[in-house]
Structure formats: structure tokens, C-alpha cells
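What follows is calculated from the coordinates using simple rules that are stated; it is not laboratory data. Keep in mind the model is a prediction, meaning the values are calculated, not measured.
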């Protein structure tokens, strides 16, 4: 009985080993693909990249219109800003190219981006308001200065002319050595006198 159990265990061990030995080389063999299968997979990948680029360009254009046209002076610029602002703030998942769906397709958190754009808009509107207030203040100041009478030109009194007398050199100065620039200047004057003579 013991020998029959040993035979079964040996046979089961060989069977397990054979099946593992048979399976192991198959794990490291390359998958075979037909050229059409390879190129079809590559084409799909390329199409997905193109679609993502198109969706990204839609988002870029909206953000660009939102940021550049916020303080536009033209009707067209103001309309572009309003349209972009409305598209960004509309929370709708039914339309394919809604802000939420576009962000989802690009793996961007739509709520986070929307909140960031809102904060940017608030800061920009405050800066625009400050700039307009400063401009109004400058215009008011310029108008006030224009209304003030011009001050009359007052005659300028002649200034008394001071007479400059050459000073005699003090006895203490005679013994001192001249500074380098003074020595160069005195040499130059001496050479100039010789050249004139």
C-alpha cells in the first residue's frame, strides 16, 4: 500500500513538473502579430492622440479668450469673454464638448480648474478697477491743473557779483609736497608755456 501511494505521488509530481516545464517556455515566447494587426493598433493610437489634441485646442482657445478678452474694449472681445465665461461655468455633462466633458477626456479636474479660473478673474477685475480709478484720478488732476491760473513770471533780481581775489600762499604750504594730480597739471602748464614761446 505504501508503495502504491509513493507511485501516485511520484506520478503527480512528474505531471506537475511536466505541465510547469511545458508552460514555462510558452511564457517567454513572443506574441505573433500580423502586420495588419500591428498597424491597426498604431492607427487607433494615432487617432486618439489627434482627438485629444483637438479637445485640448478647444480648452486652450476658451481659456485664451477668457484671459485675453476680460478687459476688451471691442464688442467682439466682450462677446468672446462672455461666451468663454459661460462655457466654463456651465456644469453640464450632456453635451459632448461641455467644459466638464472636455476636462474629463483630458484627465483634468474640472472643478479645480473652474475654481482657479474664478480666482484669476476676481483678481484681474480688482486690478482693472484699480487701474480705472487711477486713470480717473490722473484725469481729474490734469483737469484741475489746467483750470488753475498760470503763475505770472516774476522779474528776477540781479544777483550781486562776488569778486574773487587770489589768495597768497601761506608760508606753511611752501614746504609741503604737491599731490600727484597737481604735479602733473603744473608740468603740463610748463610744457604748454614752452611750446608757445
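Points to keep in mind about this one:
- Percent RCO, i.e. relative contact order, over region 34-116, from Cα pairs under 8 Å lying at least 6 residues apart: 22 percent
- Pairs of alpha carbons in region 34-116 whose separation is greater than 17 Å (percent): 55 percent
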